[in-house]
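Take a look at the structure set out below.
Read the figures in this text as sums done on the coordinates, not as results from a lab. Note that the structure is a prediction, hence the values are computed from the model and not measured. Quick reminder, even Gly has a Cβ in these numbers, built from the backbone with ideal geometry, and neighbours come from all protein chains shown.
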Amino acid sequence: MSDTPLLELVGATRTVQGRDLVSDVNLCLHEGEMLGIIGPNGSGKSTLLSMMAGLLPPSRGEIRLAGQPMARLRRQQIARRLAMVSQSADTGDRISVRDAVELGRTPWLGPLRPWSARDDEAVEAALLAVGMDRMAARDWSTLSGGERQRVHIARAHAQAPQILLLDEPTNHLDIHHQFAILDLVSQLPVTTVIALHDMHHALRCDRVMVMQSGRCVALGAPLDILTPALIRRIFAVDARLIAHPADGLPLFAFQRLA
Ligand SMILES: Nc1ncnc2c1ncn2[C@@H]1O[C@H](COP(=O)(O)OP(=O)(O)O)[C@@H](O)[C@H]1O
Ligand SMILES: [Mg+2]
């Protein structure tokens, strides 16, 4: 292990038509951590994740992957280290679940490196990790939203990245599958950045970054950051921390501001 951060953002800014969608974000991702990004709609979470994934170049500042400026890396070099599950990732193609997960192996293949047993193993392990191994032959179009989300994560897992970027992976899922996805992600042996809406999900992260109007307005341990004052300021709701009646763990009670 070296001291070079896996992913580093220095003054990362993205300007479109004179407007900063992401403004001056500084971040050093800790190896093995789960970093949650929360913020109101339109605060720049998806834009920031796309910048971290190397899909959108910063207009100012720099993003470094394992010490290398992202702008100088080839797509394949990035994809060997980093996988992204986008907010509305979908496919119109008629493909099976296994086909979708096999796509994750693309960065590791080449003229001198054809598909091998190693790739089959990675795909099997990924399908197993998300509990989709028995559905490998199913047609993608027949899957439910939660199953699709699991397959997206399996595809990213098969890619064997060091960093996993997830944009609101629990959206449109019922409460059971929200927990299942979060449990799954937190068990994966990768460094994770996850955009979230649910503040209770954010409590499960190692650190939380709060975005507002493209800026990082707070970064730190969830309970240090998600204070009633900050939640009131950013989300315009009253929030109180209470103890869960069963295990005493912290919970938010929200109320509309009077
Ligand atoms: N390609 C684009 N051109 C212009 N504005 C954009 C573009 N992409 C996103 N935006 C705007 O940037 C802001 C941040 O969007 P986004 O990153 O999607 O926020 P979030 O994911 O937090 O909801 C929004 O106001 C959105 O309308
Ligand atoms: Mg978004």
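Pull out a ≥ b ≥ c, the square roots of the eigenvalues of the alpha-carbon gyration tensor of region 128-200, then state rounded if a/c is under 1.5, prolate if not and a/b is larger than b/c, and oblate in the remaining case. Oblate, since a/c reaches 1.5 and b/c is not below a/b. Between R94 and A66, the simple label model (points 7 Å from Cα in the Cβ direction) yields a spacing of 4.0 nm.
For the chain, the 222 nm mean residue ellipticity estimated from helices alone, with every DSSP H stretch of n ≥ 4 adding -39500 (n - 2.57) and the total spread over all residues, rounds to -8000 deg cm²/dmol. Neighbour counts of other Cβ atoms within 10 Å put R207, R113, R215, R60 in the fewest-to-most order R113, R60, R215, R207.
Take the Cα of D247, step 7 Å toward its Cβ, do the same at D183, and the gap between the two points is 1.1 nm. Relative to the longest principal axis of the Cα atoms of the chain, helix 175-187 runs at roughly 70 degrees.
Short-range pairs are left out: with C-alpha atoms under 8 Å and at least six residues apart, the relative contact order of region 51-113 is 28 percent.
Between A258 and D224, the FRET efficiency estimated from the beta carbon spacing at R0 = 30 angstrom works out to 0.65. For region 172-227, the normalised intensity computed at q = 0.12, 0.16, 0.21, 0.30 Å⁻¹ comes to -0.30, -0.54, -0.87, -1.28 (log10 of I(q)/I(0), Debye sum over alpha carbons, equal scatterers, no solvent). Note on D24/A125: beta-carbon distance plugged into 1/(1 + (r/R0)^6) with R0 of 30 Å gives a FRET efficiency of 0.15. Comparing A137, A195, A156 in a Gaussian network model of the chain where C-alpha atoms under 10 Å apart are linked, the largest mean-square fluctuation is found at A137.
Each residue of region 207-213 was assigned a 3J(HN,Hα) from its phi angle through the Karplus curve 6.51 cos²θ - 1.76 cosθ + 1.60 (θ = phi - 60°); the sequence is 9, 10, 10, 9, 9, 8, 6 Hz, with glycine and proline shown as x.
The distance from the alpha carbon centre of region 1-56 to that of region 210-258 is 21 Å, rounded to a whole number. Taking every alpha-carbon pair in region 7-226 and binning the separations at 10 Å intervals from zero gives 8, 33, 36, 19, 3, 0 percent.
Extension gain, T106 to D206: 0.36 nm times the residue separation minus the Cα-Cα distance gives 32.9 nm. Between A12, A180, A243, the GNM of the chain built on Cα springs shorter than 10 angstrom shows A243 fluctuating the most.
In percent, rounded to a whole number, the relative contact order of region 7-226 is 30, using alpha-carbon pairs under 8 Å and six or more apart. Think of region 188-258 as a dipole: +1 on every Lys or Arg Cβ, -1 on every Asp or Glu Cβ, centred on the Cα centre; then among A218, I194, L241, A218 lies furthest on the positive end. Considering only Q76, Q162, Q212, the mean-square fluctuation computed in a Gaussian network model of the chain, springs between alpha carbons under 10 angstrom, is largest for Q76.
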